[in-house]
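Take a look at the structure set out below.
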Amino acid sequence: MKRRLPPLNALRAFEAAARLGRMTAAADELAVTPGAISRQVLQLEQALGVRLFEGSKNKPQTTAAAKILLPALTAAFDQIEVAVRAVSDDEQGTLDVACFSTFIVKWLIPRLYQFNALYPDIEVRLSASQSSADLQRHRYDLVIEVDESAGTSQDLILPLFPERLGPVLAPALAARLKLRKPAELKGKPLLHTKSRLDAWQMWADASGCVLPRQAGAEFEHYYFTLEAAINGLGIAVAPWHLVADDIEAGRLLAPFGFQESDYQYIARRREQKNRKLDKFCDWLQEQAQAMPGPLARNE
């Protein structure tokens, strides 16, 4: 049966304009002029016999018909992109990588310039993800996360490093508190991260010490918690890989060293073979292996 569809370019122009909310944004995405987007949308409206946008040219609003059409087109173009990516095997282009936002800021971005220098034709596009991301549904090539991937093919998992936790605080606060042993953390201003409220207990268990639960300032992300610690607002318990640079620079101290938690950082890659993804995976594992481990204590 012959498909009866409007021109593909018209569908692409409308989908981009409706999704982004502006003709100029759609033009930038598709590398054409805003006038070309307007003409393609008009052609689609004429083919369908309905209006898709209303209001001013500066702030066009989608009509009821457009609201029905947009999600189906977006899903269809996403599926096309996934299928094209699944069969491609090139050495240049864009890689989509997702991981925790603090991991991006504190670990990946400070190292990424090295990959860019080695492979200038590969663009690494980073996305923040606070939970395990579906590689196919979100069109990611690689997801970096804590090991929670039971049932995933081991061929698709790249081990990176075990998590090591330790209390950290600003030098000025350390000088004032004069902590000598973990038991002295009781009653001190402990900082907490909402996504890891068990981190203090996890560190205490790994250290073999008793640390009663105690209230303290809570922050949405580890990045905020670490900034609070750097600025002397309290004591954070943090993974070594997120604070190594701050400790080396003298912004934080780790009076009791670091202990391995039950977490392992891994990367999950999409199943299809791809040479540029192979290069990034090899580089990522090299960076993980080259990362220096923490000293037993930092006082």
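The values are calculated or read from the model by the stated rules, or taken from the named source; none is laboratory data. This one's a predicted model, so the numbers in the text were calculated from it and none came from an experiment. Please note: Cβ atoms are built from the backbone with ideal geometry, for glycine as well, and neighbour counts cover all protein chains shown.
Brief remarks on what is shown
- Checking the stated criteria, Ala244 turns out to be under 30 Å from Phe115 (Cα atoms), free of Cβ contacts under 8 Å to residues at least 60 places away in the same chain and surrounded by 17 or more Cβ atoms within 10 Å (Cβ to Cβ).
- Test for Gly35: is it on the phi < 0 side of the Ramachandran plot, exposed (fewer than 12 other Cβ atoms within 10 Å of the Cβ) and not aromatic (Phe, Trp, Tyr): yes
- Test for Gly208: is it surrounded by fewer than 20 Cβ atoms within 10 Å (Cβ to Cβ) and more than 23 Å from Gly293 (Cα to Cα): no
- Considered as a group, the residues in the range 37-62 that are of a type in the set (Ser, Thr, Tyr) and more than 34 Å from the chain's Cα centre (by Cα) include one that is modelled with the highest pLDDT, and that residue is Ser38.
- Helices (runs of 4 or more DSSP H) wholly inside the range 185-299 containing at least 2 residues that are within 18 Å of Pro162 (Cα to Cα): 199-207, 240-248, 275-290
- Whether a residue is surrounded by 18 or more Cβ atoms within 10 Å (Cβ to Cβ), over 22 Å from Tyr265 (Cβ atoms) and not β-branched (Val, Ile, Thr) was assessed, and Gly234 passes this test.
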